[in-house]
Every structure is written in C-alpha cells, then in structure tokens.
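Some notes on the structure that comes next.
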Amino acid sequence: MRYRCSDCRDTGYIGGARCHCFRQAAVDLLYLQSNLRDVLKRENFSFFRLDYYSTDITDPLTGLSARQTAQRALETCRRFAQNFGSSFENLFLYGDTGLGKTFLAHCVAKELLENAHSVVYFSAFRLFELFADSAFGRREESGEPAMEQHIFDCDFLIIDDLGTELVNSFVSSELFHLINERLLHRRSTLISTNLALAAFADTYSERVFSRISSNYTMLKMIGEDIRLKKKFYPEGLDRAGAE
Ligand SMILES: Nc1ncnc2c1ncn2[C@@H]1O[C@H](COP(=O)(O)OP(=O)(O)O)[C@@H](O)[C@H]1O
Ligand SMILES: [Mg+2]
C-alpha cells in the first residue's frame, strides 16, 4: 500500500499533532490552491527556458547579459529549493513585467510542495484585501484556522506583485508585521515586484525596506517582456533564429 503522505500514513496526525500534509490540505481547501497546482504543471524548473533572455541586453551595473542574469537567478532559486529546511533564506525578485519573476516563484513552489513543505501563494493585491477583510470583521468564522494564520505559519510564502496594491499606512504596517513575524520565526518568504529598488523604498516604509534588504537575497531580472516573445516565437528564440 502506498501512502500519499508517508510521514503520517494518511492519518493527518503525527504523534497527536497535525501533519504538514493536513495543514497543506487545509490551505488548498481554504484558498482553492488547486488553480496553483494547475499552473505548477506548466511553470516549473523543467520548463524554465533561458533562450527567451537576450544575450545583447546587459545590466550596466553588473556587466551581465539578460541571459546570464536569468541563469544566475535560476541557479539561486534551485539552490534555495534544494537547501530549504537546512538553511534559512528569503528571496526578493524584482524587475520589469514579463521577465519570469512569477514563473521562478512557481518553480520554487512546485519543488517545495513535492517535498511536503506547506506553501501559500498570494498576489499582494489579494493578500491585503484579505487582511483588510479580517481587520474590519468582514470574514466569516469557521472552525479551522483562518487563512491569515497559514499566511503567517506556512513554510514558504509567496507575495507576488508587491506594489500593485493600493499602498496606504494600513498596508505598509501589515506588511512590516508579516515580514517581521516570518523572519522572527525563520519562515521563508519570496517577494516579487515590478518596482525598481528606489521606487520600492519610496513606496513602503523605511523599516520594511531595511528588513528586506538585510534579510533577503535580491535578484534583479532584466530583458524584454517574455509574454510578447512567446506570442511570436512559441518554439523559443534559438530555434526561431536557426530556421
Ligand atoms: N524562463 C521562462 N521560460 C519560459 N516561459 C517563461 C519564462 N519566464 C516567463 N515565462 C512566461 O512569460 C510570461 C510572463 O512571465 P511572468 O513570470 O508572469 O513574468 P513577471 O512575473 O516577471 O511579470 C508567462 O506566460 C510565463 O509563463
Ligand atoms: Mg508576475
């Protein structure tokens, strides 16, 4: 007999405590992360392509091409997933839209879910909507721990597209609280944003920025919008060039 979770043998408990698989099932149910699971079939390390990143565009600060930059980010994310649990690390992915930040976040999520870690994915917009709902008592109470609890407690949290939400003092202080709590409990977080670093620092409070810059590995993505490239060269750029 093969168990879906070998740790608890599908009982949901290990020595009286909830098993991680049970916690993840609760997250899936609450957030309907089944849509995340669908995306992860397409967006994972095996499908990450480097040929969408130009070798002609270079970052003046590092001297690296867009492709070399992406390669480094890819390696860092792979290492992050491999070392997860044995070392504590956080990731901050920034750069223009369409450069694969969400894709990379998905790559890591898939890897960690497969290794039985609990993963929660939220766009910043939805995250703060949820926080506002619960702060203003608009959420219905249920028996299970609220989604908010999972956001604080999960092994790996993805906050995607930070900077697209309407930023006010509520958002800024909730963000600080969340980032701070997760750091204190050594729970890893990945943040992605389309904002440049200076704009990011301007948008959120100084203390948010300083927590992030001193505790997160910063990965900058450069290049041209892959969404457009995919549309015109669905087989990939190297093949398009060879033909
Ligand atoms: N390295 C990659 N290999 C293949 N497809 C990619 C890659 N990076 C991004 N894409 C695709 O390009 C589109 C934009 O990527 P996305 O991750 O959403 O960008 P961002 O989050 O930086 O705005 C998506 O359809 C995604 O699947
Ligand atoms: Mg994105």
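Within segment 91-195, the GluC sites (Glu not before Pro) that combine a DSSP coil assignment with at most 10 other C-beta atoms in a 10 angstrom radius are Glu140, Glu141. Qualifying chymotrypsin sites (Phe, Trp or Tyr not before Pro) in segment 50-125, where qualification requires a DSSP coil assignment and no more than 14 other C-beta atoms within 10 Å, comprise Phe88. Here the Gaussian network model covers the chain, with springs between Cα atoms less than 10 Å apart; of Ala124, Ala17, Ala196, Ala17 fluctuates the most. From the square roots a ≥ b ≥ c of the eigenvalues of the alpha-carbon gyration tensor of segment 104-183, which class results: rounded (a/c under 1.5), prolate (a/b over b/c), or oblate? Oblate.
Hey, got a sec? Which trypsin sites (Lys or Arg not before Pro) in segment 152-239 land in a DSSP loop and have at most 10 other Cβ atoms within 10 Å?
Here the trypsin sites (Lys or Arg not before Pro) that fit, given the DSSP loop and packing criteria, are Arg186.
Using Cβ point charges alone (K and R +1, D and E -1), the dipole size of the chain about the Cα centre works out to roughly 580 debye. Judged by the gyration tensor of its Cα atoms, with axes a ≥ b ≥ c, the chain is oblate; a/c meets the 1.5 cut and b/c is at least as large as a/b. Counting only DSSP beta bridges with both residues in segment 22-242, the antiparallel share comes to about 5 percent.
One quarter of the surface of the convex hull around the alpha-carbon atoms of segment 52-169 equals 9.6 nm², the direction-averaged projected area. Around the Cα centre of segment 152-243, unit charges on the Cβ atoms of Lys, Arg, Asp and Glu (plus for the first two, minus for the last two) sum to a dipole of about 180 debye. Using a Gaussian network model of the chain in which every pair of alpha carbons under 10 angstrom is joined by a spring, one finds that among Asp202, Asp155, Asp96 the greatest mean-square fluctuation is at Asp202. Comparing Leu162, Thr97, Phe122 along the charge dipole axis of segment 88-185, the residue lying farthest to the positive side is Thr97, per the Cβ-charge model.
In sequence order, segment 216-224 has phi-based couplings of 10, 7, 8, 10, 9, 10, 10, x, 10 Hz under the Karplus curve 6.51 cos²θ - 1.76 cosθ + 1.60, θ = phi - 60°, and Gly or Pro positions carry x. Within a straight-line Cα-Cα reach of under 20 Å, Lys229 can be paired with the following lysines, leaving aside sequence neighbours fewer than 8 residues apart in one chain: Lys101, Lys220.
By its C-alpha gyration tensor, with a ≥ b ≥ c as the square roots of the eigenvalues, how is segment 37-105 shaped: rounded for a/c under 1.5, else prolate for a/b larger than b/c, else oblate? It is oblate, given that a/c is not under 1.5 and a/b is not larger than b/c.
Take every pair of alpha-carbon atoms less than 8 Å apart whose residues are at least six positions apart; their mean separation over the length of segment 22-242 yields a relative contact order of 31 percent. What residue among Leu91, Leu74, Leu178 shows peak mean-square fluctuation when the chain is described by a Gaussian network model with Cα springs under 10 Å? Judging by the Gaussian network model, the answer is Leu178.
No lab work stands behind these numbers, since they all come straight from the coordinates. No experiment lies behind these values; they were computed from the predicted model shown. All Cβ positions, glycine included, derive from the backbone under ideal geometry; neighbour counts span all protein chains shown.
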